[in-house]
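Q: Have a look at this one.
The values are calculated or read from the model by the stated rules, or taken from the named source; none is laboratory data. Since this is a predicted model, take the numbers as computed values, not measurements. Backbone-built Cβ (ideal geometry, glycine too); neighbour counts: all protein chains shown.
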Amino acid sequence: MDKLTKHSTGDWDYSGTNWALDSAKYISAPSAFRTNLGLNIEVLIKTTTVPIGYVKEGRLVTYFQLTHDNGSWKTDLDVRFRKQDASNYYYVRFQRDLTAIYFCKVVAGSTTTIRTKAISWTKLGVWHLVRVTWWNDYVGLVIRVERFENGAWTFIDEAYDSENLWKTIGGRVGFFFGGVGDPMFNNWLDDTEIYGIG
C-alpha cells in the first residue's frame, strides 16, 4: 500500500468552516485539527492527492479526542471510506459516548448497520489511537478496527459485507463529526496517516 505523506490543511476538503488548528492541545507539535463547535463537518482527503486520493483497499490511522458530557451535547466520529457522494459510502462510527462502534454502509441515502461492537473507553480528556483497515477477501469486504494500547495494536472487532460495494473503483477517505444537542464543545484529530491501493 502507498502511504499519504502530505501534511497540510490544504490537502483536505472541508464541508464547513467550523474548524481550526489548535496549538494548545495536540499529539505532535505544533498543532492538532480541532472542530469548532463540533457538529456536522466532513473532512475528506483531496482526490488530487497522488497516488491514493481514491482508495479501493486501505487503512486510516489517527489519534482522536471527543468532548462528551451527559447533558445535551454528544459527538460521533465517523471514519468514512469508499465514498462516492453524499448518499453512497461506508463508515465506521465511534459512538459519542465511546460505548459502541458501528460498521455501516449508506446506499442511495439509506443506512444499513452491518455490525455493532460494544466498547467501554474513557470519554473525557483522553486521546485514543485507532486504525481502521478495509480490504477485499473471499467473504467480500472486510473492515477491521484496532486500538493502540499498552504498547501494541489490539484487535477490537471486524465486520464483513458480501456486497463489497465499489471495490473496483474505490472512493474518498476521511472523517465526519456529527451528533445531537447544542454545539458547545470541540473535538480533535492528530497524526493521521492514510494508506491505500488506488
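Q: Tell me the residue from Arg131, Arg144 that is in contact (Cβ under 8 Å) with a residue 40 or more places away in the chain, assigned to a strand (DSSP E or B) and of a type in the set (D, E, K, R), please.
A: On the way: Arg144 fails: in contact (Cβ under 8 Å) with a residue 40 or more places away in the chain.
Result of the check over Arg131, Arg144: Arg131.
Q: Right, something else. Considering Tyr26, Tyr102, which residue is at pLDDT 90 or above, in a strand (DSSP E or B) and either buried (at least 17 other Cβ atoms within 10 Å of the Cβ) or not charged (D, E, K, R) (or both)?
A: None of the other options fit; the residue is Tyr102.
Q: Oh, and also: Looking only at segment 129-145, count how many residues are surrounded by 16 or more Cβ atoms within 10 Å (Cβ to Cβ) and of a type in the set (S, T, N, Q).
A: Number satisfying all stated conditions: 1.
Q: Which one is modelled with the lowest pLDDT among residues in segment 29-55 that are among the aliphatic types (A, V, I, L, M) and within 17 Å of Gly196 (Cα to Cα)? Steps first, please.
A: Initial filter on segment 29-55 (among the aliphatic types (A, V, I, L, M)): 29, 32, 37, 39, 41, 43-45, 50, 52, 55.
Applying the additional criterion that residues be within 17 Å of Gly196 (Cα to Cα) yields 44-45, 50, 52, 55.
Numbers: Leu44: 94, Ile45: 90, Val50: 58, Ile52: 68, Val55: 93.
My answer is Val50.
Q: For segment 77-94, what are the residues that are buried (at least 22 other Cβ atoms within 10 Å of the Cβ) and of a type outside the set (Lys, Arg)?
A: If the condition is that a residue be buried (at least 22 other Cβ atoms within 10 Å of the Cβ) and of a type outside the set (Lys, Arg), then Leu77, Val79, Phe81, Tyr89, Tyr90, Tyr91, Val92, Phe94 are the ones that fit.
Q: Considering only segment 68-99, how many residues are in a loop (DSSP other than H, G, I, E, B), at pLDDT 95 or above and among the hydrophobic types (A, V, I, L, M, F, W, C)?
A: Total meeting the criteria: 1.
Q: Give me a count of the residues in segment 169-198 that are over 20 Å from Trp12 (Cα atoms) and either modelled with pLDDT of 95 or more or crowded, with 18+ Cβ neighbours inside 10 Å (or both).
A: Matching residues across segment 169-198 total 2.
Q: Against the condition polar (S, T, N, Q), surrounded by fewer than 14 Cβ atoms within 10 Å (Cβ to Cβ) and within 17 Å of Arg59 (Cβ to Cβ), how does Thr154 come out, does it pass?
A: yes
Q: Now for a different question. Restricting the search to segment 112-128, which residues are exposed (fewer than 13 other Cβ atoms within 10 Å of the Cβ) and free of Cβ contacts under 8 Å to residues at least 60 places away in the same chain?
A: So in segment 112-128, the residues exposed (fewer than 13 other Cβ atoms within 10 Å of the Cβ) come out as 112-113, 118, 120, 122, 124-126.
Within segment 112-128, Thr112, Thr113, Ala118, Ser120, Thr122, Leu124 qualify.
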